[in-house]
Amino acid sequence: MQIFDYKSTDLSKQLAQEYGYDEFLIRRYLTFFGQEETIQLLEANERPLKTSILVNTLRISVDSLKSRLESKGIKLEKIPWIPNGFWVLEAPFSVGATTEYLLGHYYLQEAAAMLPAFVLDPKQNEVVIDMCAAPGGKTIQLAQLMENHGCILALEVDLRRTKALRSNLSRCGVKNAIIFRMSALDLTQLDVQADKILLDAPCTGEGVIRKDPTRKKSRGPPDIEFCSALQTKLIDVAVNCLKEGGILVYSTCSLAPEKNELVIDYVIKKHNLKVLPTEIEVGESALT
Ligand SMILES: C[S@@+](CC[C@H](N)C(=O)[O-])C[C@H]1O[C@@H](n2cnc3c(N)ncnc32)[C@H](O)[C@@H]1O
């Protein structure tokens, strides 16, 4: 796949230096989004990430957890786009170290990362494949939406991350998932046709610069090329394992069109798929 790059300008050099980025990324942002939006993006990436939690309704109700956490001095604010998602506004200690966390009453997940499983909207009697599952935030969310019924096949290629996946699913009381430590590229070997598939694809993580600022400089064109090739193969496999009329949600934590719009463009043309509206009023439209 072609990797987009553009000419250096005084502005791209200046912004790269000021915000500490590889200039290659800035040249691309300026071309994709224009000057004003690029500066807004760079500024947004400087703001600290708000911690957020997803209440695990397999273990506790939203109201009970809220009152338990509030009695410990933890202040929460509802995330508008997810029924059981909350930002943590104030906490006297780490929210990853409470009894409620250890009991699996909630899971720490970024607010945007709560969207893909929610949009997939799995039902209780369905077969769902989570192709790249570890550490498991989205698998837990799928299980909640299915109220622990139906069946989730959760695949993960990395052994260490598979262990984290197993421990998270167990802590959160997920009972309808089977974990496969294997490459999703070999998914057809399982001979399963799913009602719904979540492909939360591995990527270079340009979208998580707020959490990991090293990514301002650590990923270049070869990384984009590698990920984009892998994502294209994975999405092809996904379509082949989907029932007629089934639904596939593809998500990444990247801004690169080579890993988003171009992968979608490739797959809809190759397999004659239809893009469905998400009916969620958050975020920006994709590039066309
Ligand atoms: C973006 S993360 C998934 C996050 C996960 N969905 C969650 O919500 O916690 C991508 C995952 O894909 C895994 N992965 C990479 N290549 C894979 C492959 N060929 N088959 C299955 N998993 C793969 C990575 O090890 C990583 O754990």
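Measuring r between the beta carbons of Met1 and Gln124 and using R0 = 35 Å, the FRET efficiency lands at 0.35.
One Cα centroid belongs to the stretch 1-78, the other to the stretch 195-257; the line between them spans 17 Å.
Only Lys, Arg, Asp and Glu carry charge here, each on its Cβ (+1 for the first two, -1 for the last two); on that basis the stretch 40-129 has a dipole of about 240 debye about its Cα centre.
Each other residue within a Cβ distance under 14 Å of Ile3 adds +1 if Lys or Arg and -1 if Asp or Glu, for a net charge of -3.
Report the residue, chosen from Ala184, Ala97, Ala111, that carries the largest GNM mean-square fluctuation when the chain is represented by alpha-carbon nodes joined by springs under 10 Å. Of the options given, Ala97 has the highest mean-square fluctuation. Per residue, the average separation of C-alpha pairs within less than 8 Å and at least 6 apart gives the chain a relative contact order of 17 percent. Who wins for biggest fluctuation among Phe226, Phe33, Phe180 in a Gaussian network model of the chain, springs between alpha carbons below 10 Å? Looking only at Phe226, Phe33, Phe180, the biggest GNM fluctuation is shown by Phe33. Note on the chain: with a GNM built from Cα contacts shorter than 10 Å, the maximum mean-square fluctuation among Gly137, Gly205, Gly20 falls on Gly20.
In nm², what is the average projected area of the convex hull enclosing the Cα atoms of the chain? Intermediate values should be presented prior to the final figure.
Numbers: hull surface 61.5 nm².
Spelled out: convex hull of the Cα atoms, projected over all directions, averaged, 15.4 nm².
In the chain, a dipole from Cβ-located charges (positive for Lys and Arg, negative for Asp and Glu) runs towards its positive end, and of Pro277, Leu190, Ser218 it is Leu190 whose Cα lies farthest in that direction.
Take 139-149, 258-268 and order them by the average number of nearby Cβ atoms within 10 Å per residue, most first; the result is 139-149, 258-268.
For the stretch 114-271, a/c is not less than 1.5, where a ≥ b ≥ c are the root eigenvalues of the C-alpha gyration tensor, and a/b does not top b/c. That puts it in the oblate class.
What accessible area per residue comes out for the chain, rounded to a whole number of Å², with a 1.4 Å probe? Numbers along the way, then the final one.
On the way: 14770 Å² over 288 residues.
Roughly 51 Å² per residue, with all protein chains present.
Rounded to the nearest 20 debye, the dipole magnitude of the chain is 860 debye, with +1 charges on Lys and Arg beta carbons, -1 on Asp and Glu beta carbons, and the Cα centre as origin.
Determine the share of the chain's accessible area contributed by carbon and sulfur atoms, expressed in whole percent, with a 1.4 angstrom probe. It would help to have the intermediate numbers written out before the result.
Values: 7580 of 14770 Å².
Summing carbon and sulfur atoms, their accessible area is 51 percent of the total for the chain.
Over the chain, what is the percentage of antiparallel beta bridges among all DSSP beta bridges, to the nearest 5?
If I count the DSSP bridges inside the chain, around 35 percent turn out antiparallel.
Highest mean first, the peptides 272-278, 66-72 sorted by other C-beta atoms within 10 Å per residue fall in the order 66-72, 272-278. Could you tell me which of Ile235, Thr162, Thr38 has its Cα farthest along the dipole of the chain towards the positive end, charges placed at Cβ (Lys, Arg +1; Asp, Glu -1), taken about the Cα centre? Result: Thr162. Overall form of the stretch 53-111: rounded. Here a/c, set by the Cα gyration tensor axes a ≥ b ≥ c, is under 1.5.
Distance between the modelled labels on Val275 and Lys66, one decimal in nanometres: 3.6 nm (7 Å Cα→Cβ projection).
The values are calculated or read from the model by the stated rules, or taken from the named source; none is laboratory data. Keep in mind the model is a prediction, meaning the values are calculated, not measured. Virtual Cβ from ideal backbone geometry, glycine too; neighbours counted across all protein chains shown. Note: areas computed on protein heavy atoms with side chains; ligands, DNA, RNA excluded. Shrake-Rupley method; radii C 1.70, N 1.55, O 1.52, S 1.80 Å.
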